[in-house]
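Student: Next up is a structure, given as structure tokens.
The values are calculated or read from the model by the stated rules, or taken from the named source; none is laboratory data. From a predicted model like this one, the values you see are computed outputs, not experimental measurements. Cβ atoms come from the backbone with ideal geometry, glycine included; neighbour counts cover every protein chain shown. Just the protein is used for accessible areas: all its heavy atoms, side chains included, with ligands, DNA and RNA removed. Shrake-Rupley method; radii C 1.70, N 1.55, O 1.52, S 1.80 Å.
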Amino acid sequence: MNRRGYCTFVLSDSLSTLERRDTTPGSFDAVLIAADRRTLVWSQSLENGVRAVLKMYRRRKLSSWIREKLFRFRVEREFNSLRFLDEQHIPCSEPLFWSYGENAEYGRYEILATLEIPNAAPMDVFIRSKENRPEYGVLDSAYRELRCLHEKGFHHGAMYERNFLVARSGG
């Protein structure tokens with residue numbers, strides 16, 4: 001996959017209907033993954049047919065926006081971290097591109113796009129799922145990967161279970 005880094009990305013007008021969980025069929029091929037006040041995560045097919053997960057940090061404060069425009073955007077840092085992990089052959093979501101912009105509905109926003117991993121779930125969801133209770137070997141594997149990260153000089157800034165994906169069997 002050709003990772004481009006920064007890329008101009010145009011938000012679909014249908015994105016707000018997705019967030020409202022409007023199930024009206026349309027041309028916007030997307031699935032809502034998560035939404036809260038500051039973050040929106042969805043999957044969609046890109047122009048080249050690749051299925052991607054997009055994470056938008058929205059309604060960014062002007063002070064954060066200016067600081068990040070002068071230095072580095074949050075999604076740019078995340079993109080570079082994922083690229084580092086991928087280059088070190090550490091399993092991660094493959095980074096595709098990052099972007100930023102501003103519009104009336106979402107305010108100042110940043111977007112990170114990664115390759116969708118089939119059958120993946122955040123670790124906290126995986127652990128709480130009844131059918132996965134016997135698969136504690138996944139946790140052992142995750143801890144080994146974490147040790148590998150540290151040995152290669154990478155330290156994750158937000159060590160939360162929700163920030164780690166687990167590929168379910170068959171994925």
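Student: I want to confirm something. Restricting to the stretch 44-67 and keeping residues that are over 19 Å from the mean Cα position of the chain (by Cα) and open to solvent by less than 90 Å² (accessible area, probe 1.4 Å), which single residue is nearest to residue 13 (Cα to Cα)?
Tutor: The selected residue is 65.
Student: So in the stretch 87-103, with the set limited to residues that are more than 13 Å from the chain's Cα centre (by Cα) and either touching a residue at least 40 places away in the same chain (Cβ under 8 Å) or closer than 20 Å to residue 66 by Cβ (or both), which one is surrounded by the fewest Cβ atoms within 10 Å (Cβ to Cβ)?
Tutor: Step by step, filter the stretch 87-103, then rank; the result is 102.
Student: Among the residues of the stretch 128-160, what is the count of those that are of a type in the set (Gly, Ala, Ser), more than 17 Å from residue 82 (Cβ to Cβ) and either in a helix (DSSP H, G or I) or modelled with pLDDT under 70 (or both)?
Tutor: 2
Student: Give the residues of the stretch 60-83 that are at pLDDT below 80 and outside any helix (DSSP H, G or I), sorted by residue number.
Tutor: Answer for the stretch 60-83, where residues must be at pLDDT below 80 and outside any helix (DSSP H, G or I): just 60.
Student: Okay, moving on. Could you please find all residues in the stretch 104-125 being touching a helix residue (DSSP H, G or I) at 6+ places or on another chain (Cβ under 9 Å), open to solvent by 50 Å² or more (accessible area, probe 1.4 Å) and assigned to a loop (DSSP other than H, G, I, E, B)?
Tutor: Hit for the stretch 104-125 is 105, nothing else.
Student: Which numbered condition trips up residue 117, out of (1) modelled with pLDDT under 80; (2) under 21 Å from the mean Cα position of the chain (by Cα)?
Tutor: (1)
Let's see how each residue does on (1) within 29 Å of residue 141 (Cβ to Cβ); (2) among the aliphatic types (A, V, I, L, M); (3) touching a strand residue (DSSP E or B) at 6+ places or on another chain (Cβ under 7 Å):
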{"position": "39", "(1), (2), (3)": "yes, no, yes"}
{"position": "66", "(1), (2), (3)": "no, yes, no"}
{"position": "70", "(1), (2), (3)": "no, yes, no"}
{"position": "77", "(1), (2), (3)": "yes, no, no"}
{"position": "81", "(1), (2), (3)": "yes, no, no"}
{"position": "84", "(1), (2), (3)": "yes, no, no"}
